[in-house]
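Student: Once you've had a glance at the structure underneath, I'll fire off some questions.
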Amino acid sequence: MSDRLINLTRVNHGRHGTDTVFGEAFYTPGGICGPRIQQDWQIVILLSGSGISCVGEEKRPFEPGQATLQVPGQHETVVYAPESPTHHTWVAVKPEAVPPELAEALVAAPKVIQVSDSLSKIMDMVMAQPRYEGPLNTRWVDHMGLAALLSYLCVTESSSGLRQQSVVEVAIRHMEQHLADPECLATAAMAASVTPQHLARRFQAEIGLPPSEWLWRLRLERASDFLLHSGLSVGEIAERCGFKTIQHFSRRFHDQFGRSPAKHRREAWNAPVKR
């Protein structure tokens, strides 16, 4: 098997560990990678264009927003869009660095998935990391490579029906990720594929609270975390957590915790250290 690259215009081997490499590649129309024998566990995330991963006789098309998993030892050729440029990021992890139980699960996993927020954030975090050569950076990159593989697996398990998330669980997860969005309640119902009225009924049945009240609790809990564990101003915290004004935030916070946001932070930061 030969290993060839056609119409590859630029490749950025962004971050290296001992066993892991993160990078990105740009192809002009008609790009091809292969044929080759895959050496690593590799996740390819398509950002623009399109691609078909040809493994033996099987063809696996994937589009922007999707990821494909390449398995060590497979004979593969990846053919990219003939009519448009293609841009993708990737992470490759050596087989010997992957725990056997994870490798076994990956072999059985679907080979094309929708990219999750967690996998996207891992890729973005590593590629944005300033270059630093040293053992600490090397270990960090290796750990992030395993995290990417585990994140891929988590997506396949949640979508394979091992445990179907309830409407309420999907909505709460969406709320947690979009606290600053003023339309969070409406988009949470859309994320759960139900009407706002049905979502309200499910919340009442499973939690005993309307979704609006649960959202305010989430916002206040996140605000409390920011007050205790960040240097953000009260105004910045209010904005990040979805409160319309500082006054609105302060009133809601006092109702929940019995003290103002500033006092909440001051008392926590000035508390004596327990020994």
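The values are calculated or read from the model by the stated rules, or taken from the named source; none is laboratory data. The shown structure was predicted, so the numbers you read here are calculated from the model rather than taken from an experiment. Cβ: placed from backbone, ideal geometry, glycine included. Neighbour counts: every protein chain shown. When the accessible area is computed, the model is the full protein with side chains, heavy atoms only, and any ligands, DNA or RNA have been set aside. Shrake-Rupley method; radii C 1.70, N 1.55, O 1.52, S 1.80 Å.
Student: Could you list all residues from region 203-222 that are buried (at least 17 other Cβ atoms within 10 Å of the Cβ) and over 12 Å from Ile172 (Cα atoms)?
Tutor: Leu220, Arg222, listed by residue number.
Student: Further, regarding this structure: Tell me, which strands (runs of 3 or more DSSP E) lie completely within region 45-115 with 1 or more residues that are over 21 Å from Glu24 (Cβ atoms) and in contact (Cβ under 8 Å) with a residue 24 or more places away in the chain?
Tutor: 51-55, 75-80
Student: Determine, yes or no, whether Asp225 is closer than 29 Å to Ser116 by Cα, acidic (Asp, Glu) and not in a helix (DSSP H, G or I).
Tutor: No: the conditions fail for Asp225.
Student: Within region 231-241, can one find any residue that is assigned to a helix (DSSP H, G or I), surrounded by 16 or more Cβ atoms within 10 Å (Cβ to Cβ) and touching a residue at least 60 places away in the same chain (Cβ under 8 Å)?
Tutor: Looking through region 231-241, at least one residue is assigned to a helix (DSSP H, G or I), surrounded by 16 or more Cβ atoms within 10 Å (Cβ to Cβ) and touching a residue at least 60 places away in the same chain (Cβ under 8 Å).
Student: Restricting attention to region 30-76, which residues are open to solvent by 40 Å² or more (accessible area, probe 1.4 Å), more than 24 Å from Ala105 (Cβ to Cβ) and modelled with pLDDT under 90?
Tutor: Correct list: Glu57 only.
Student: Check Leu106, Leu149 and return the single one that is modelled with pLDDT of 95 or more and crowded, with 20+ Cβ neighbours inside 10 Å.
Tutor: That would be Leu149, the only listed residue that is modelled with pLDDT of 95 or more and crowded, with 20+ Cβ neighbours inside 10 Å.
Student: Okay, next question. Would you be able to tell me the number of residues in region 242-275 that are of a type in the set (D, E, K, R) and either open to solvent by less than 50 Å² (accessible area, probe 1.4 Å) or touching a Gly at 6+ places or on another chain (Cβ under 9 Å) (or both)?
Tutor: Within region 242-275, residues that are of a type in the set (D, E, K, R) and either open to solvent by less than 50 Å² (accessible area, probe 1.4 Å) or touching a Gly at 6+ places or on another chain (Cβ under 9 Å) (or both) number 1.
Student: In addition: Which number in (1) modelled with pLDDT of 95 or more; (2) over 25 Å from Asp255 (Cα atoms) marks the one condition that Leu215 misses?
Tutor: The number of the failed condition is (2).
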